[in-house]
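Heads up, the thing below is written out as structure tokens.
The values are calculated or read from the model by the stated rules, or taken from the named source; none is laboratory data. Please read these numbers as outputs of a predicted model, since none were measured by experiment. Note: ideal-geometry Cβ built from the backbone for every residue, glycine included; neighbour counts use all protein chains shown.
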Ligand SMILES: *Cc1c(COP(=O)(O)O)cnc(C)c1O
């Protein structure tokens, strides 16, 4: 089966095998070795010396944790959004009582760094910037390097949702001064859902010292104190940790640069193939993501029918559009364990199914 959705993604055999190992004491020596090994390797992929905390959660849990560990109710934050996941970041901050200034950009277009600069200039009380690296709902990658540099020009904290990009698209957390970077196991990491991994800089810890949002399960001081003992505060998803250790070994064996280059190549093959079938890309190609391709569908084509034929007759599973993009686009996930050959299978199936889903 070609599971080509932007998460959960397929897992290679060595990752599945790693998960079949027997349970261990999560307060014992073996788990301590495992979490230290995982954390050290994650630091290489995040390209950071900051703390990395492992949370038993999907990505949204990591986003919530990032907010409650850095902010207080009443804090002003700037939240940028060009899709479903940018909106989600703003919603979580609002739910916990932050005063959120939302900067919304057209779906399919990138976040405009200049608008962020203007907003930070206009309001000196803003404490933090929330931004999405790769907007999975629209297939757009935002220029986090520039966005982060602007946040730092104004000495603001920056929280980055890199859930569907980290390990696939370059995001050097320290070089780009990203204070908090959030990702999740089921996206580019080739691991089943269950873990969110979050980096937390010195500057983020300074914010933590003043942050008053309520937190218990997500409290990063607890996470850090337990990590020093080689543990997590609460029972971890042990099997997913085994899986992550195995996938980190293959990511690092391939080499980060090679992994990024493979994603860029596979994404280009996807975009070229899509266009040659007569589709157009939903986002501007210049900002099109290397992990997920959003494809516009002509009015006479039914996205539901197309996806159904692909699934039932070709064993190819694609994602639809979310919210206002439902019925207008479909999305091809090409993150993690993916090759040019996988995409060729998808393109062949699309070519055959398309006429039958069109009137
Ligand atoms: C998948 C994803 C999330 C989190 O979703 P979960 O279902 O909670 O893992 C958040 N942001 C982006 C950009 C994502 O792709």
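One table, with the values for the structure above:
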{"item": "One residue from 41, 21 being at pLDDT 95 or above, more than 16 Å from the ligand (Cβ to nearest atom) and in a loop (DSSP other than H, G, I, E, B)", "result": "21"}
{"item": "Hey, residue 288 in the same structural domain as residue 338 (by TED's automatic domain parsing), surrounded by 19 or more Cβ atoms within 10 Å (Cβ to Cβ) and more than 30 Å from residue 40 (Cα to Cα) or not", "result": "yes"}
{"item": "Residues of the stretch 44-55 satisfying the condition of being within 14 Å of the ligand (Cβ to nearest atom) and more than 16 Å from the chain's Cα centre (by Cα)", "result": "none"}
{"item": "Tally of residues being more than 16 Å from the ligand (Cβ to nearest atom) and surrounded by fewer than 24 Cβ atoms within 10 Å (Cβ to Cβ) across the stretch 120-156", "result": "17"}
{"item": "Residue in the stretch 68-84 that is more than 16 Å from the ligand (Cβ to nearest atom) and under 19 Å from residue 231 (Cβ atoms) present", "result": "yes"}
{"item": "Residue within the stretch 44-54 that is surrounded by fewer than 18 Cβ atoms within 10 Å (Cβ to Cβ) and within 18 Å of residue 183 (Cα to Cα) present", "result": "yes"}
{"item": "Count of the stretch 44-64 residues which are assigned to a helix (DSSP H, G or I) and within 22 Å of residue 172 (Cβ to Cβ)", "result": "6"}
{"item": "Filter result for residue 40 (within 30 Å of residue 26 (Cβ to Cβ) and within 17 Å of the chain's Cα centre (by Cα))", "result": "no"}
{"item": "Selected residue (only one of 248, 166, 227, 244 is within 16 Å of the ligand (Cβ to nearest atom) and part of a helix (DSSP H, G or I))", "result": "244"}
{"item": "Candidate set: the stretch 169-193, residues that are away from the ligand (no atom under 11 Å from the Cβ) and surrounded by fewer than 24 Cβ atoms within 10 Å (Cβ to Cβ); chosen: the one nearest to residue 17 (Cα to Cα)", "result": "192"}
{"item": "Only one of 195, 171 that is within 23 Å of residue 110 (Cα to Cα), touching a helix residue (DSSP H, G or I) at 6+ places or on another chain (Cβ under 8 Å) and touching a residue at least 40 places away in the same chain (Cβ under 8 Å)", "result": "171"}
{"item": "Complete set of residues in the stretch 337-359 that are touching a strand residue (DSSP E or B) at 6+ places or on another chain (Cβ under 8 Å), over 25 Å from residue 263 (Cβ atoms) and assigned to a helix (DSSP H, G or I)", "result": "354, 357"}
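Residue by residue, here is whether (1) touching a helix residue (DSSP H, G or I) at 6+ places or on another chain (Cβ under 9 Å); (2) crowded, with 18+ Cβ neighbours inside 10 Å; (3) under 30 Å from residue 255 (Cα atoms) holds:
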{"position": "11", "(1), (2), (3)": "yes, yes, yes"}
{"position": "20", "(1), (2), (3)": "yes, no, yes"}
{"position": "30", "(1), (2), (3)": "no, no, yes"}
{"position": "73", "(1), (2), (3)": "no, no, no"}
